[in-house]
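For reference, the structure is listed below as structure tokens.
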Amino acid sequence: MIDKEVKRRYSSEQVFSTLRETGFNLIQEITYWETRKIHEQIDQLKIDLLNRTGRSILHELPDQELEDLVEFIEQNVEKLEPIKEEDRWTIWIAEKQ
């Protein structure tokens, strides 16, 4: 699953290279963390994960593997609630040469 996730994202170097090749100068790279959802309890997160809500990568897993993953997350996530679920975004700002 990790390999599939990595392959569907462009690295910063790939973006920089493509920008240069197409006549752009990179001005800034910004990393932004967006709050996807705040789960008041671990059970809410489990339901979301098991339903694959908003997570296309989870559709790659058979049901049993997804259940194993959710169990692993439940056992390893900090017991502090609420649980803040975030998505990482990268924004590249460039200027045409």
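Values in this text are rule-based calculations from the coordinates and carry no lab data. From a predicted model like this one, the values you see are computed outputs, not experimental measurements. Cβ sites come from the backbone with ideal geometry, for glycine too, and all protein chains shown count toward neighbours.
In the chain, which helices (entire DSSP H runs) extend 18 Å or more along their own long axis, judged by Cα positions, while averaging at least -1.0 on the Kyte-Doolittle scale?
Qualifying helices, which must be both long enough and hydrophobic enough, are 63-76.
Quick check: residue separation of N76 and E40 times 0.36 nm, minus the Cα distance between them. What number comes out in nm?
Details: separation 36, 0.36 × 36 = 12.96 nm, distance 1.68 nm.
This chain segment gains 11.3 nm when fully extended.
Can you check what the net charge comes to around E67, using other residues whose Cβ is under 11 Å from the Cβ of E67 (Lys, Arg +1; Asp, Glu -1)?
It works out to a net charge of -4.
Counting GluC sites (Glu not before Pro) as exposed when in a DSSP loop with at most 10 other beta carbons within 10 Å, what is the longest stretch of the chain free of them?
Between the exposed loop sites, the longest stretch runs 1-39.
Along the positive direction of the dipole of the chain (beta-carbon charges: Lys, Arg +1; Asp, Glu -1; about the Cα centre), which of I42, I83, N25 reaches farthest?
N25
Within the chain, how many Lys pairs sit with Cα atoms under 24 Å apart, leaving out pairs fewer than 8 places apart on the same chain?
Final tally of qualifying lysine pairs is 7.
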